[in-house]
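Asker: Below is one structure. I have some questions about it.
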Amino acid sequence: MHEAIANELKILQNTGQYQTLLRINGESYKLEPQKEMVLFRIFQEAFHNAVKHAKAKNINVQMIYVPGKFKLMISDDGVGLI
């Protein structure tokens, strides 16, 4: 999954209008396919909202792998909710 996320971030950064960062902590492991799909869809929604609605210029993604637990954190410098 982190390859797909890295690819999305790279495509955005290659436009020259955005800065992206992907941090992976811990030793990555495969999640169940359905969980990976749901997490990737969550990432895509947050990612597109940051660009389209929040007008973010910097998007950071952190993936934390701990045995038996996975955390996906997405942050940006957009305007947030008004």
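Read the figures in this text as sums done on the coordinates, not as results from a lab. The shown structure was predicted, so the numbers you read here are calculated from the model rather than taken from an experiment. So basically every Cβ, Gly included, is an ideal-geometry build from the backbone, and we count neighbours across all protein chains shown.
Asker: Considering only residues of the stretch 6-27 that are touching a residue at least 40 places away in the same chain (Cβ under 8 Å) and among the hydrophobic types (A, V, I, L, M, F, W, C), which is farthest from residue 74 (Cα to Cα)? It would help to see each step written out before you state the result.
Answerer: So the first thing to find is which residues in the stretch 6-27 are touching a residue at least 40 places away in the same chain (Cβ under 8 Å), and the list is 9, 12, 17-26.
Adding the requirement that they be among the hydrophobic types (A, V, I, L, M, F, W, C) leaves 9, 12, 21-22, 24.
On the way: 9: 12, 12: 15, 21: 10, 22: 9, 24: 12 Å.
This residue is 12.
Asker: Which one is nearest to residue 13 (Cα to Cα) among residues in the stretch 24-57 that are small (Gly, Ala, Ser) and in contact with a helix residue (DSSP H, G or I) (Cβ under 9 Å, 6 or more places away or on another chain)?
Answerer: First, pick out the residues of the stretch 24-57 that are small (Gly, Ala, Ser): 26, 28, 46, 50, 54, 56.
Narrowing further to those that are in contact with a helix residue (DSSP H, G or I) (Cβ under 9 Å, 6 or more places away or on another chain): 28, 56.
Numbers: 28: 24, 56: 12 Å.
Filtering the stretch 24-57 for residues that are small (Gly, Ala, Ser) and in contact with a helix residue (DSSP H, G or I) (Cβ under 9 Å, 6 or more places away or on another chain), the one nearest to residue 13 (Cα to Cα) comes out as 56.
Asker: Now for a different question. Mind counting the residues in the stretch 58-75 that are surrounded by 14 or more Cβ atoms within 10 Å (Cβ to Cβ), within 15 Å of residue 9 (Cβ to Cβ), in contact with a Phe, Trp or Tyr (Cβ under 9 Å, 6 or more places away or on another chain) and not aliphatic (A, V, I, L, M)?
Answerer: 0
Asker: Sticking with this structure for a sec: Given the condition in a helix (DSSP H, G or I), buried (at least 16 other Cβ atoms within 10 Å of the Cβ) and not β-branched (Val, Ile, Thr), answer yes or no: does some residue in the stretch 16-31 qualify?
Answerer: No, the stretch 16-31 contains no residue that is in a helix (DSSP H, G or I), buried (at least 16 other Cβ atoms within 10 Å of the Cβ) and not β-branched (Val, Ile, Thr).
Asker: Follow-up question, since we're still on this one. Can you run down the residue pairs with Cβ atoms below 8 Å, 6 or more apart or on separate chains, where the first is in the stretch 29-45 and closer than 15 Å to residue 63 by Cα and the partner is part of a helix (DSSP H, G or I)?
Answerer: From residues that are closer than 15 Å to residue 63 by Cα, the pairs are 30/36; 31/39; 40/4; 40/5; 43/5; 43/8; 44/8.
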